[in-house]
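Report on the following structure.
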Amino acid sequence: MIDEHKPPLFKGWNTWYWIVLGVMLVQVILFFWLTNLFS
Amino acid sequence: MNLLDWIILFGTLLSIVLYGTWKTRGAKNIESYLKGDNTMKWWMIGVSIMATQASAVTFLSTPGQAMEDGMRFLQFYFGLPLAMIIISVTMVPIYYRLKVYTAYEYLETRFDLKTRTLAAGLFLILRGLSAGITLFAPSIVLSSILGWNIIVTTMMIGVFVIIYTVSGGTRAVSLTQRTQMAIIMGGMVLAGFMAYSLLPVHVSFGETVQLAGELGKLNIITTNFSMSDRFNIWSGLIASTFLFLSYFGTDQSQVARYLGGKSLTESRMGLIFNGLLKIPMQFIILFIGVLVFVFYLFNQPPVFHNQTLKNKVAKTEYAGTMNELETSYQSVYQQKQETVTSLLEGIRQDDEASIATSKNEYYVLKKQEDSIRTEVKKTISAALPGAKTQDRDYMFLNFVLSYLPHGIIGLLLAVMFSAAMSSMASELNALASTTTVDIYKRSFKPEASPLHYLRASRFFTIMWALIAMAFAMLANMAENLIQFVNIVGSLFYGTILGIFLVAFYLKAIRGTSVFIAAVVGELAVLTCYFFYYDEIAFLYYNIIGCVLVVLVAWIAHWFDQGKEIKKATS
């Protein structure tokens, strides 16, 4: 078994992965909005 | 440039080299040299990953990309966060469990020696070429500014990198990258502020953004799907994910960054750090290009941004033609400037009709400007046969040299050289590791002492640096450096990723099947590149290579199984 400590702040890694996906989604939405503002 | 700029530039670079060499002197064994004692924390890994990916090409070429084509290049990075997650979940634990030095060691455990050697070989070709491009970009810049021969400038940068990379190995690379990244981020933020501060006082930030938007530079998201279109949301989300999975998951120059982590947790957090920050970082760099674009709406840009080349033409018989073209360009620019002033007024009055009219006029004049520029490029080709007439990679640099104050010029040049050095150091370190571990130690000299392999690693580091320098001097760059780097990557990453995906997920398939599949996949990608270059955008090579390897491996395995069943029954 690999010696692995838990991730920082949260109990599991899934929370971090959802944060990455969430931030990416927010960015894409923001970019969509910016693009549509001038299209 | 003046004395202050030179002092800042060389002072910064020499400090980094000396600091890196001093702090990491005395690597005693190959483990420390190639893996770096496993002491790196998550933020150091994250910085190292970002510094490895962001070479001078990023800073030279990306702002110019935005100036000409708008910000839609940002879509290229959309697949990166997805790739970070997949790698954190699947690949990193496997590498940690097997305690490998290189990603390709794993392939022998899973398949056989020939597959390991093939993957390592493809990586060495790919990374060797890329190291040459990484070195070429700042070399050509410096050679252009100084008027020195490119051989001299290439050797200068190459030697700087060799000193601390050969001496300190992975630890030297990681340590120097922290300083380099700080310089890079500070420098780029400063460049952004300076570009904005040089805009006319009467143009606010909001109006700047609106101008850029109305003139099509904030076209971040494009949804039209076409296999021949390089940058749209589909290629960004799907094809780029494949590219980044391969680059971060199987390319030793990145794998080495996070395998040097203190623990699996630290490595995963480093990848997550990269997944969160990469897109905003690229947004800032592209936005700086947009600011420079708006700057040039109010200040006449040069008709050709590579001033050194333009000055050379002025000394030939084509000087007269060039002068006429510059005069025409100036005249068209002045008309365009009036149109921009009307557009700005229309924006302030919120007058849609006026905005539409001004935009139409702008595009008509822009077309005239573009044809003059095309004529200029033809003139340059005629005056200096073989000269590179693509000047997109000089746009940002020319702006820095022409308009920014002394001192800041030196700092921004230090940014570009730091970026080049940080990427090249990772690449050399990875090339040396793979050559030592996957080729030399595995197939040629398996029983030597640790000290012998340490010396071999140092030798291979120098060897690859010399190969990269030779390639840099010979390279004739394609249309745009940042795209060329990714085209070269896309030629090989799909196949390598396919090998690893079969390794991870299709446990029944064995070495020979995947080896045949890899050869077929690579040939298919090369066919697309040489025969269907215009029809298929390069990002899709990653999917084509990867999918073909998986499919052909499965088919070859199926035939193999069929033969074994026949053998068993007969």
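Between B:ARG97 and B:LYS41, how high is the FRET efficiency from 1/(1 + (r/R0)^6) when r is the Cβ-Cβ distance and R₀ = 30 Å? Nearest 0.05. Don't skip to the answer; put the middle values down first.
Details: r = 21 Å, r/R0 = 0.70.
Approximately 0.90, to the nearest 0.05.
I'd like the mean, over residues of A:21-32, of how many other protein chain beta carbons sit within 10 Å of each residue's own Cβ.
5
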Query raised in the report: Roughly speaking, what is the centre-to-centre gap between segment B:499-521 and segment B:220-295 when only Cα atoms are used, to the nearest Å?
Result: 26 Å
Query raised in the report: When the chain is fully extended, how far beyond the present Cα-Cα distance does B:TYR403 get from B:SER371, taking 0.36 nm per residue of separation?
Result: 8.9 nm
Query raised in the report: If the viscosity is 1.567 mPa s and the temperature 4 °C, what Stokes-Einstein diffusion coefficient in µm²/s follows for chain B when Rh is the Kirkwood radius over Cα pairs?
Result: 52 µm²/s
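Mind ordering B:295-302, B:53-60, B:133-140 by average Cβ neighbours within 10 Å, highest first? Please report the intermediate quantities before stating the final value.
On the way: B:295-302: 17.6, B:53-60: 26.2, B:133-140: 27.9.
Highest-to-lowest ranking by the protection proxy: B:133-140, B:53-60, B:295-302.
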Report summary line: For segment B:249-393, the count of lysine pairs 8 or more apart or interchain whose alpha-carbon atoms are under 15 Å apart comes to 12
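Rank the residues B:VAL502, B:VAL100 as a footprinting-exposure proxy: fewest other Cβ atoms within 10 Å of their Cβ go first. Write down the numbers at each step before the final one.
Working: B:VAL502 28, B:VAL100 19.
If I rank by nearby Cβ atoms, fewest first, I get B:VAL100, B:VAL502.
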Report summary line: In chain B, whole DSSP H helices that both stretch 18 Å or further along their axis by alpha carbon positions and average at least 1.0 on the Kyte-Doolittle scale are B:3-23, B:113-146, B:150-197, B:264-298, B:408-434, B:450-474, B:481-505, B:511-531
Query raised in the report: Label-point separation (nm) for B:ASP351 and B:PHE10, each offset 7 Å from Cα along Cα-to-Cβ?
Result: 5.7 nm
Query raised in the report: When you look at the Cβ of every residue in B:272-280, what mean number of other chain Cβ atoms sits within 10 Å?
Result: 3
Report summary line: Per the 1/(1 + (r/R0)^6) rule, R0 = 25 Å and r from the Cβ atoms of B:ASN360 and A:PHE32, FRET efficiency to 0.05 is 0.45
Query - Residue order, fewest to most surrounding Cβ atoms within 10 angstrom, among B:ASP534, B:ASP438, B:ASP351 - result: B:ASP534, B:ASP351, B:ASP438
Requested in this report: Measure off 7 Å from each Cα along the Cα-to-Cβ vector at B:LYS312 and B:SER381, then give the distance between these two points in nanometres to one decimal.
Outcome: 1.6 nm
Report task. Order these peptides, B:328-336, B:274-282, B:375-383, by their mean beta-carbon neighbour count within 10 angstrom, highest first. Result -> B:274-282, B:375-383, B:328-336
Requested in this report: Treating cross-link reach as a plain straight distance, find the lysines whose alpha-carbon is under 19 Å from the alpha-carbon of B:LYS28, omitting any fewer than eight places away in the same chain.
Outcome: B:LYS441
Query raised in the report: Length gain on complete extension for the stretch B:SER197 to B:GLU535, per 0.36 nm per residue less the alpha carbon to alpha carbon distance?
Result: 117.4 nm
Report summary line: For peptide A:6-19, the mean count of other chain Cβ atoms within 10 Å per residue Cβ is 3
Query - Kirkwood Rh, angstrom, segment B:86-144 [1 / mean 1/r, Cα pairs] - result: 13.6 Å
Requested in this report: Please give, to one decimal in nm, the separation of the simple spin-label points placed at B:SER443 and B:LYS507, each 7 Å out from Cα toward the Cβ.
Outcome: 3.0 nm
Query raised in the report: In whole Å, what is the distance between the alpha-carbon centres of segment B:34-58 and segment B:65-79?
Result: 24 Å
Requested in this report: Multiply the residue gap between B:ILE150 and B:GLN561 by 0.36 nm, knock off their C-alpha separation, and tell me the result in nm, one decimal place.
Outcome: 142.4 nm
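So how do B:13-19, B:232-238, B:538-544 stack up, highest first, on mean other-Cβ count within 10 Å?
Result, highest mean first: B:538-544, B:232-238, B:13-19.
No lab work stands behind these numbers, since they all come straight from the coordinates. The shown structure was predicted, so the numbers you read here are calculated from the model rather than taken from an experiment. Neighbour counts run over all protein chains shown; Cβ positions are idealised from the backbone, glycine included.
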